[in-house]
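Quick notes on the structure that follows.
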Amino acid sequence: SRGGNTQLKPERGRSFTYGFVWSPSADFDVQADYYRIRITDQVTSLDEQQILRTEADCRIGQTLSGSPVDVNSTICRDAFARVQRNAANAPVNPNDVTLLRINPVNAATEVTSGIDISASYRFTLDRIGRFSVRGAYTHVLEHKYQQFPGDPIYDYLNDYAYQSDWGKKVNASVSWQNGDWNARLDGTRYGGIPDN
């Protein structure tokens, strides 16, 4: 069952970015940035799988990775209210989920930070054409989420049960142009997510 929420509040956010660009010539530049973003009252549509995972963690009393879960927490009470199950002693399909209630909510807090580094180099070879080479590296330093005030803070970067981010990413490209002809080759390598 999916519905709206007339009680939503506007999102609030703060971000901080610091960086520099070094360009000793018109054909070469290096850029580095650090960012930190904090969003409060974030409007989010609850994910069905996340609700079911949270409800299961609350019933069991721990996450998949073994972290303890307080069954009396706000997030557990919310998950229990959203998931309706058959009775444990039902003659058919005991404990099966029969209804899942979903609507957008204001999440308490989400924080992410990281660094971005990139470099570009352009050069020309006689009669062959103009080339451009670019490389970039992204490293997410943290990504934490708390659904309701007082709830546990989920580490989306390091907790195997909640990982959703690639912590590192490298991409590179080489492009070539000669008259009306041009071509480009791109490649991306994502870091590992151990659980996925």
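The values are calculated or read from the model by the stated rules, or taken from the named source; none is laboratory data. Quantities reported herein were computed from a predicted structural model and do not represent experimental measurements. Reconstructed Cβ throughout: ideal geometry from the backbone, glycine too, with neighbour counts over all protein chains shown. For the accessible areas, the whole protein counts, side chains as well, though only heavy atoms, and no ligand, DNA or RNA atoms are used. Shrake-Rupley method; radii C 1.70, N 1.55, O 1.52, S 1.80 Å.
Here are some notes:
- Counted charge near Ile39, where neighbours are those whose Cβ lies closer than 10 Å (Asp, Glu -1; Lys, Arg +1): 0
- Pairwise inverse Cα distances across region 32-134, averaged and inverted, put the Kirkwood hydrodynamic radius at 18.1 Å.
- With both labels modelled 7 Å from their Cα along Cα-to-Cβ, the Ala56 to Trp176 distance reads 5.0 nm.
- Fraction of accessible area attributable to carbon and sulfur, region 46-106 (%, probe 1.4 Å): 50 percent
- For Kirkwood radius over Cα pairs in Å, the candidate list reads (i) 20.6; (ii) 17.0; (iii) 21.7; the entry that matches the value derived from this model is (i).
- Theoretical ellipticity at 222 nm over the chain - DSSP helices of four or more residues, -39500 (n - 2.57) apiece, nearest 500: -3500 deg cm²/dmol
- With protein chains left intact and a 1.4 Å probe, residues in region 96-156 average 51 Å² of accessible area per residue.
- Longest DSSP-loop-exposure-free segment, trypsin sites (Lys or Arg not before Pro), the chain, at most 16 other Cβ within 10 Å: 1-100
- Alpha-carbon Rg/Rh ratio, for region 110-196, with Rh computed the Kirkwood way: 1.23
- Theoretical FRET efficiency, 1/(1+(r/R0)^6), r = Cβ-Cβ of Arg101 and Arg14, R0 41 Å, to 0.05: 0.80
- For Tyr121, the accessible surface of its heavy atoms amounts to roughly 110 Å² (probe 1.4 Å, protein chains only, rounded to the nearest 10).
- Modelled spin-label separation between Ala88 and Leu64, with each label point placed 7 Å from Cα along the Cα-to-Cβ direction: 2.5 nm.
- Rounded to whole Hz, the Karplus (6.51, -1.76, 1.60) HN-Hα couplings of region 3-19, x for glycine and proline: x, x, 8, 6, 9, 5, 9, x, 6, 10, x, 10, 9, 9, 9, 9, x
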